Amino acid sequence: MAMEKINLAKAKKIAENKGLKPGRVKGTSGVLFTKGTNDRLEVISWDEFENVLERKRLSVYESGGWMKIMKSR
């Protein structure tokens with residue numbers, strides 16, 4: 001199944017259903033989805049997550065319930 005670009009509202013809904021939050025590895029500018037249970041990760045706001053996606057020209061892609069953050073196509 002191919003990865004399909006999804007909007008942030010859909011990504012939020014999938015993340016919420018899986019118990020995921022927006023986050024990043026401390027000291028970096030990259031973003032990821034996390035359960036926030038690792039000391040090296042920090043949970044960030046959805047607004048900050050969206051700003052990083054825009055600034056870095058990234059999008060959220062989904063396939064079969066799995067999400068991945070990649071360069072926008």
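Checking each residue in segment 55-73 for being without any contact (Cβ under 8 Å) to a residue 24 or more places away in the chain and among the charged types (D, E, K, R) picks out ARG55, ARG57, LYS71.
If you go through segment 24-42 and pick out every residue that is out of contact with any helix residue (DSSP H, G or I) (no Cβ under 8 Å at 6 or more places or on another chain) and open to solvent by less than 90 Å² (accessible area, probe 1.4 Å), you end up with 9. Here is a check on your reading of the model: is ALA9 of a type in the set (A, V, I, L, M), in contact with a strand residue (DSSP E or B) (Cβ under 7 Å, 6 or more places away or on another chain) and surrounded by fewer than 11 Cβ atoms within 10 Å (Cβ to Cβ)? Judged against the criteria, ALA9 is not a match. Among the residues of segment 51-62, the ones that are open to solvent by less than 40 Å² (accessible area, probe 1.4 Å) and either modelled with pLDDT under 95 or not in a strand (DSSP E or B) (or both) come to 2 in all.
The values are calculated or read from the model by the stated rules, or taken from the named source; none is laboratory data. Given the structure is predicted, the values throughout are model-derived calculations rather than measurements. Note that each Cβ is placed from the backbone with ideal geometry, even for glycine, and that neighbours are counted across all protein chains shown. What goes into the accessible areas is simple: the full protein's heavy atoms, side chains included, and nothing from ligands, DNA or RNA. Shrake-Rupley method; radii C 1.70, N 1.55, O 1.52, S 1.80 Å.
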